[in-house]
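In what follows, a single structure is set out as structure tokens and then discussed.
Read-outs: derived from the displayed coordinates by stated rules, not from any lab. All of these numbers come straight from a predicted model, not from anything done at the bench. Cβ placement follows ideal geometry from the backbone for every residue including glycine, while neighbour counts extend to all protein chains displayed.
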């Protein structure tokens, strides 16, 4: 199933089929008319023998069947066209429902503010308990920006659904931007984080096959790659699209 319908190509195929149907009907009528003209003198002008009425009935029946067959071809084209139009409308409605479901998934996902709170909390826990913390950054390729907004949103929503289905209950995913997911993996070292990234790539293959969007997954680990949550923040900020700023929540101060 394709994410969008190429109406221009469908209209071209529809016109081509109509032309073929009309050509077939004209061919049948021309062949039948030529045969009728050749047989007319023998049937009506110079009838011989006692079977002249049988020949005339057969002649008239042949002409009527020819006209009915040509009418059948045209009526079949009309019925098939109506059925195709109904199917296309149903497919478009299904695509709209799917796109709306993808939009709902993205709207229900936590964003940058929640991501920063969770990252800070998990980093402090990792420091206190001397455990590891991994951060996966799932980024759509630049080609995704060339697609129309609805198709891009549908692809991003399907990607979120595919990724969320492969995470543990303790993991969390955040919609940081229109082309970037951030996944926090508590108590996960670099090796296991890379294994998770491989599973996510496998899950995203279906999205890539449908929408033609490729995804890149980067793995960052504390304390192997970074030493503070601010370093992780800088990495995420460097991947944000131009024009988007990082809004750090206001920290409460104690007196």
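Against the chain, whose longest principal axis comes from its Cα atoms, helix 229-239 is set at around 30 degrees.
Averaging the sequence gap over all C-alpha pairs within less than 8 Å and six or more residues apart, then dividing by the number of residues, gives the range 7-106 a relative contact order of 38 percent.
Computed extension length for residue 101-residue 231: 43.3 nm, one decimal, from 0.36 nm per residue of separation with the Cα-Cα distance subtracted.
In terms of surrounding Cβ atoms within a 10 Å radius of their Cβ, 117, 75 rank from fewest to most as 75, 117. Taking all Cα pairs closer than 8 Å and separated by 6 or more residues, the relative contact order of the range 154-215 comes to 36 percent. If you take the Cα centroid of the range 184-218 and the Cα centroid of the range 70-90, the two points sit 45 Å apart. Put in order of Cβ neighbour count within 10 Å, fewest first, the listed residues 122, 231 become 231, 122. Estimated at 0.36 nm per residue, the fully extended path between residue 216 and residue 28 surpasses their Cα-Cα distance by 61.8 nm.
Relative to the dominant Cα principal axis of the chain, helix 149-164 is inclined by about 60°. Taking 7 Å steps out from each Cα toward its Cβ at residue 190 and residue 11 produces label points 5.6 nm apart. Taking the C-alpha atoms only, the angle from helix 7-40 to the longest principal axis of the chain is near 10 degrees. Entry note, the chain: relative contact order of 22 percent, from Cα contacts under 8 Å with a spacing of 6+ residues.
Applying 1/(1 + (r/R0)^6) with r as the Cβ-Cβ distance of residue 92 and residue 199 and R0 = 30 angstrom yields a FRET efficiency of 0.35.
Full extension of the segment from residue 117 to residue 85, taken as 0.36 nm per residue of separation minus the current Cα-Cα distance, would add 6.5 nm.
For the chain, just say rounded, prolate or oblate: build the C-alpha gyration tensor, square-root its eigenvalues into a ≥ b ≥ c, call rounded for a/c under 1.5, and beyond that prolate if a/b exceeds b/c, oblate if not. Prolate shape, in that a/c is at least 1.5 and a/b is the bigger ratio.
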